[in-house]
Amino acid sequence: MPTITTRRTRFAPSPTGRLHLGHVTSMLAVWGLAEVWQLAVDIRIEDHDRQRCRPEYLAALRDDLAWLGFQPVRGGRWSVQSEHTARFDTALDRLSGQGLVYACRCSRRDLPPAPSGAEACYPGTCRERGWPLTPDSTLRVRLVETEWVFDDLWRGEQRQRPAGQCGDLVIRDRHGQYTYQFAVVVDDLADGIDTIIRGADLLDSTGRQLQLRSLLGGDTAVRFAHHPLIVGPDGRKLSKSLLSPPVAELRDAGWSAARVRGLAAERVGWQSQPGDLSLADLGRLLERTLPGRP
Ligand code: GLU
């Protein structure tokens, strides 16, 4: 893996639908904090899920991003995850070379029921079964019992124990598709990402991603910032349908990009009014959202 020379972050959308205000909030966070810290920003299209990602969504995503004024900056690059298979294969070989990967034949039904509100934790049923690693087997990586402690910019100190939270991670499914958790870590390492800015819905993934990073020999001194999400009146995350209309519909109805950015900033609570938000004001706006700032 290359040494990190530029401080770099990324915006990593999945083209599984049209961009909505939730995505715009993430863009404000990524480009705003990148301005504050003078980071390069990559745009990485995470199209690893072949069933849900569609070429028309990818084309629309590129249009929407350009219209909203977000593009790679300070030496940032575009990339598309489906072109990174060779990276993923090499990383998989590295983990299997250490005896960390095993084939799993369990179906969802074989998993113990998850306590309400929690995710299912895989109990390691196939760990010692020695099933061959065929192209159509689900592959899992053994996690060791470790507590990961990291500071999150918005949420403060976090402690996560992935082995007890989700158990051994699936890294490739039985259709040969690498999973989000694996692909995102391999890409973040290969791209030299040292600052991860994304929505709070991915906070629980951080410990397992740190563990994968470390198993892959990567530096775990990464800076994390999990930004607040737009929530409904009941304080819960809004579903995609409630975050509608998509950005493209607002644009077609005559909204300006500055007004759409301002609406997202207002909905997430970073701006008291839904007025225009210029790109030049993003750094100042995001700096004010950091804990401990007025
Ligand atoms: N592709 C993921 C998503 O759209 C984001 C991944 C990340 O930022 O780690 O939710």
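The values are calculated or read from the model by the stated rules, or taken from the named source; none is laboratory data. As the structure is a computational prediction, the values presented were derived from the model and not from experiment. In this analysis, Cβ positions are derived from the backbone assuming ideal geometry, glycine residues included, and neighbour counts consider all displayed protein chains.
So the values come out like this:
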| read-out | value |
| --- | --- |
| Some residue of the range 275-293 being modelled with pLDDT of 95 or more, in a helix (DSSP H, G or I), crowded, with 19+ Cβ neighbours inside 10 Å and basic (K, R) | no |
| Matching residues, the range 168-214, being part of a helix (DSSP H, G or I), of a type in the set (A, V, I, L, M, F, W, C), within 11 Å of the ligand (Cβ to nearest atom) and under 28 Å from L286 (Cα atoms) | V184, V185, L202, L203 |
| Criterion violated by P72 - all others in (1) out of contact with any Cys (no Cβ under 8 Å at 6 or more places or on another chain); (2) within 21 Å of L212 (Cβ to Cβ) satisfied | (2) |
| Per-region count, the range 116-136, residues in a loop (DSSP other than H, G, I, E, B) and either within 23 Å of Q209 (Cβ to Cβ) or in contact (Cβ under 8 Å) with a residue 60 or more places away in the chain (or both) | 10 |
| Filter result (modelled with pLDDT of 95 or more and touching a Lys or Arg at 6+ places or on another chain (Cβ under 7 Å)) within the range 208-226 | L216, H226 |
| Number of positions in the range 32-82 that are touching a helix residue (DSSP H, G or I) at 6+ places or on another chain (Cβ under 7 Å) and more than 24 Å from R251 (Cα to Cα) | 8 |
| Residue within the range 240-255 that is closer than 30 Å to Y122 by Cα and surrounded by fewer than 18 Cβ atoms within 10 Å (Cβ to Cβ) present | yes |
| Unique match (being assigned to a helix (DSSP H, G or I), in contact (Cβ under 8 Å) with a residue 24 or more places away in the chain, more than 16 Å from the ligand (Cβ to nearest atom) and over 14 Å from the mean Cα position of the chain (by Cα)) among G164, G217 | G164 |
| Residue within the range 137-148 that is crowded, with 18+ Cβ neighbours inside 10 Å and basic (K, R) present | yes |
| Checklist (1) surrounded by fewer than 17 Cβ atoms within 10 Å (Cβ to Cβ); (2) farther than 30 Å from V170 by Cα; (3) in contact (Cβ under 8 Å) with a residue 12 or more places away in the chain applied to P228, failing item | (2) |
| Restricting the range 87-98 to residues that are surrounded by fewer than 18 Cβ atoms within 10 Å (Cβ to Cβ) and in contact (Cβ under 8 Å) with a residue 12 or more places away in the chain, the residue that is nearest to V144 (Cα to Cα) | Q98 |
| Residue count for the range 220-236, restricted to those that are within 17 Å of the chain's Cα centre (by Cα) and among the charged types (D, E, K, R) | 1 |
| All positions within the range 260-290 that are touching a residue at least 24 places away in the same chain (Cβ under 8 Å) and more than 18 Å from H23 (Cα to Cα) | E287, L290 |
| Any hit, the range 9-20, residues being buried (at least 18 other Cβ atoms within 10 Å of the Cβ) and either part of a helix (DSSP H, G or I) or more than 15 Å from the ligand (Cβ to nearest atom) (or both) | no |
| A60 under 23 Å from T25 (Cβ atoms) and modelled with pLDDT under 95 | yes |
| Selection within the range 23-80 - assigned to a loop (DSSP other than H, G, I, E, B), among the small types (G, A, S) and crowded, with 19+ Cβ neighbours inside 10 Å | G76 |
| Number of positions in the range 220-235 that are within 13 Å of the ligand (Cβ to nearest atom) and not small (G, A, S) | 5 |
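Each row is one residue, and each column tells you yes or no for (1) aliphatic (A, V, I, L, M); (2) modelled with pLDDT of 95 or more; (3) within 10 Å of the ligand (Cβ to nearest atom); (4) out of contact with any strand residue (DSSP E or B) (no Cβ under 9 Å at 6 or more places or on another chain).
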site: M27; (1), (2), (3), (4): yes, yes, no, no
site: W31; (1), (2), (3), (4): no, yes, no, no
site: L39; (1), (2), (3), (4): yes, yes, no, no
site: I45; (1), (2), (3), (4): yes, yes, yes, no
site: E56; (1), (2), (3), (4): no, no, no, yes
